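The values are calculated or read from the model by the stated rules, or taken from the named source; none is laboratory data. Quick caveat, the model's predicted, so the values are computed rather than measured. We place every Cβ from the backbone using ideal geometry, glycine too, and count neighbours over all the protein chains shown.
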Amino acid sequence: MIWNKEAECMPFKEREKLQLERLQSIVKKVYDNVPYYRKRFDEIGVKPEDIKSLKDIAKLPFTTKTDLREGYPFGMFAVPLNEIVEIHTSSGTTGKPVVAGYTKKDIEVWSEVMARALTMVGATKDDIIQNGYGYGLFTGGIGVHYGAQKIGATVIPISAGNTKRQLEVMVDFGSTILTCTPSYALHLAEVAEEAGITKKDIKLKAGCFGAEVWTEKMRDAIESKFNLTALNIYGLTELIGPGVAQECPEKSGLHIFEDHFYPEIVSTDTLEPLPEGEKGELVLTSLTRDGMPMIRFRTRDITSLRREICKCGRTLIKMDRVTGRSDDMLKIRGVLIFPSQIERALLEIKGIEPHYQIIVTRPHHLDELEIQVEASKDIFSDEIKHIEAMKKKIESHIEKSIGLRVKVTLVEPKTLPRSEGKAKRVIDKREL
Ligand code: ZN
């Protein structure tokens, strides 16, 4: 099933023409209405008239998360505040979050791309969508909600968490489509198993899973436990939220809704655009965003693009599953963290050495963070209860600083591996 055949199956050439028209108009819009972009364009001497072909997009400056933070809260808006009908933020762990503003038209576009995504997963107006993404400032819950309503499906806005209730609803209401993070889907499946709920009790036929990096292995596990088709969704608050791209049942990449989001892949070293098929950082430009247009936003997500007519009939370009990030950020339970934040918090505590290692695991399908720290000799010659107290102190200090619970293990001085070059601070044992 295809929600918008005209847009999703448009011949390549025709779509390119549409993209160019939209690009030219959005570039003019930001130049005229967003002082930040006018300044950046003027600095490098580029004018909206310089965009004569899609390739000319490379003349434009990049936008980064830092730029967005500097514009906090409403500096990136291209319309007066009274035209903004909804505001979301990203989960910011360092400083201020990224703020995203939507006009009425943006909400319509969001509903449209989410309707396309959910239809691609198999949703129709006859389906019951159990929406396990968080509602609130996070874009996940409401994004899915808008798409489900546009289709006319029955949406259960259960939001994230509360596993027992999720399973009760799933069985009693006969949910047919599940939307949540893949790790939570797996967790739900396991708790269902423990509770004696069998596949016969569950009517799920498909799942729309995203908001974190996951693997084929994880897909297999979710599919076999729940007896459903698990598909990958991609999006980000800076562009719109969920609904930038969606995997079709062919399971060979995610279709980017490129009539609204123009994708490029750039080299992580030179930031020069790379040809199709090569791996690099995904850069996205919003072609139709009204309230907060984004020019060449650096997503930091590593992937590659492929253009082909998919077996599903769509001509929309495909991106591969995201395999990692171009910076050293860690995504733990959906929260972005820099190792340097942990380092900073650690070094504020007396009695520990600046040698540490961060170990990320996913023991029960939920990410866990362990930090091994070398304690000073004095601490180790002390009584066990003092060591315990120190451990607790570090754990609570780090939790306060980064907003995540971690497990701290104190080790004796000089026991962690040393490196002559860049220290290997992070050991990611999750099978990604
Ligand atoms: Zn397809």
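Remark: pairs (first residue in the range 146-164, over 16 Å from residue 133 (Cα atoms); second residue surrounded by fewer than 20 Cβ atoms within 10 Å (Cβ to Cβ); Cβ separation under 6 Å; 6+ apart in sequence or on different chains) = 150/111; 151/125; 152/125; 153/125.
Which is within 16 Å of residue 213 (Cα to Cα), among the hydroxyl-bearing types (Ser, Thr, Tyr), more than 16 Å from the ligand (Cβ to nearest atom) and at pLDDT below 90, of 323, 299? If you could, list the steps in order and put the result at the bottom.
On the way: 299 fails: at pLDDT below 90.
After ruling out the rest, the residue left standing is 323.
Looking at 368, 388, 353, which is the one that is farther than 22 Å from residue 241 by Cβ, away from the ligand (no atom under 16 Å from the Cβ) and surrounded by fewer than 15 Cβ atoms within 10 Å (Cβ to Cβ)?
Numbers: 368 fails: surrounded by fewer than 15 Cβ atoms within 10 Å (Cβ to Cβ); 353 fails: surrounded by fewer than 15 Cβ atoms within 10 Å (Cβ to Cβ).
Of 368, 388, 353, the one residue that is farther than 22 Å from residue 241 by Cβ, away from the ligand (no atom under 16 Å from the Cβ) and surrounded by fewer than 15 Cβ atoms within 10 Å (Cβ to Cβ) is 388.
Does residue 257 satisfy the criteria of being in the same structural domain as residue 63 (by TED's automatic domain parsing), in contact with a strand residue (DSSP E or B) (Cβ under 9 Å, 6 or more places away or on another chain), within 16 Å of the ligand (Cβ to nearest atom) and of a type in the set (A, V, I, L, M, F, W, C)? In short, yes. Against the conditions (1) more than 17 Å from the chain's Cα centre (by Cα); (2) surrounded by 24 or more Cβ atoms within 10 Å (Cβ to Cβ); (3) within 16 Å of the ligand (Cβ to nearest atom), residue 122 satisfies every one except (2). Contact map, the range 380-395: first residue in the same structural domain as residue 414 (by TED's automatic domain parsing), second residue surrounded by 11 or more Cβ atoms within 10 Å (Cβ to Cβ) and among the hydroxyl-bearing types (Ser, Thr, Tyr), Cβ cut-off under 9 Å, separation 6 or more or different chains; pairs are 391/409.
Looking at the structure I just gave you, is residue 237 farther than 23 Å from residue 21 by Cβ, hydroxyl-bearing (Ser, Thr, Tyr), surrounded by 21 or more Cβ atoms within 10 Å (Cβ to Cβ) and in contact with a Ser or Thr (Cβ under 9 Å, 6 or more places away or on another chain)? Spelling it out, residue 237 is indeed farther than 23 Å from residue 21 by Cβ, hydroxyl-bearing (Ser, Thr, Tyr), surrounded by 21 or more Cβ atoms within 10 Å (Cβ to Cβ) and in contact with a Ser or Thr (Cβ under 9 Å, 6 or more places away or on another chain).
On the given criteria, is residue 262 closer than 24 Å to residue 18 by Cα, surrounded by 22 or more Cβ atoms within 10 Å (Cβ to Cβ) and within 16 Å of the ligand (Cβ to nearest atom)? No, not satisfied.
Could you say whether any residue in the range 303-310 is of a type in the set (A, V, I, L, M, F, W, C), within 16 Å of the ligand (Cβ to nearest atom) and modelled with pLDDT under 95?
Residues of the range 303-310 that are of a type in the set (A, V, I, L, M, F, W, C), as a first pass: 305, 309-310.
If we keep only those that are within 16 Å of the ligand (Cβ to nearest atom) too, we end up with 305, 309-310.
Applying the additional criterion that residues be modelled with pLDDT under 95 yields 309.
Yes - at least one qualifying residue is present in the range 303-310.
For the range 308-348, the set of residues classified as of a type outside the set (D, E, K, R), under 29 Å from residue 410 (Cα atoms) and exposed (fewer than 14 other Cβ atoms within 10 Å of the Cβ) consists of 340, 347, listed by residue number. Residue 247 meets the conditions (1) surrounded by fewer than 22 Cβ atoms within 10 Å (Cβ to Cβ); (2) of a type outside the set (Ser, Thr, Tyr); (3) modelled with pLDDT of 95 or more in every case but one. The failed one is (1). In the range 104-114 there is at least one residue that is among the hydrophobic types (A, V, I, L, M, F, W, C), within 30 Å of residue 329 (Cα to Cα) and within 16 Å of the ligand (Cβ to nearest atom). Residues in the range 10-60 that are outside any helix (DSSP H, G or I) and surrounded by 17 or more Cβ atoms within 10 Å (Cβ to Cβ): 10, 34, 46, 51, 60.
Considering only strands (runs of 3 or more DSSP E) fully contained in the range 359-432, which possess at least 1 residues that are in contact with a Phe, Trp or Tyr (Cβ under 9 Å, 6 or more places away or on another chain) and within 30 Å of residue 184 (Cβ to Cβ)?
Values: elements: 368-375, 407-411, 426-428.
Ranges flagged: 368-375.
Looking only at residues in the range 282-307 that are within 26 Å of residue 98 (Cα to Cα) and basic (Lys, Arg), the one that is surrounded by the most Cβ atoms within 10 Å (Cβ to Cβ) is 289.
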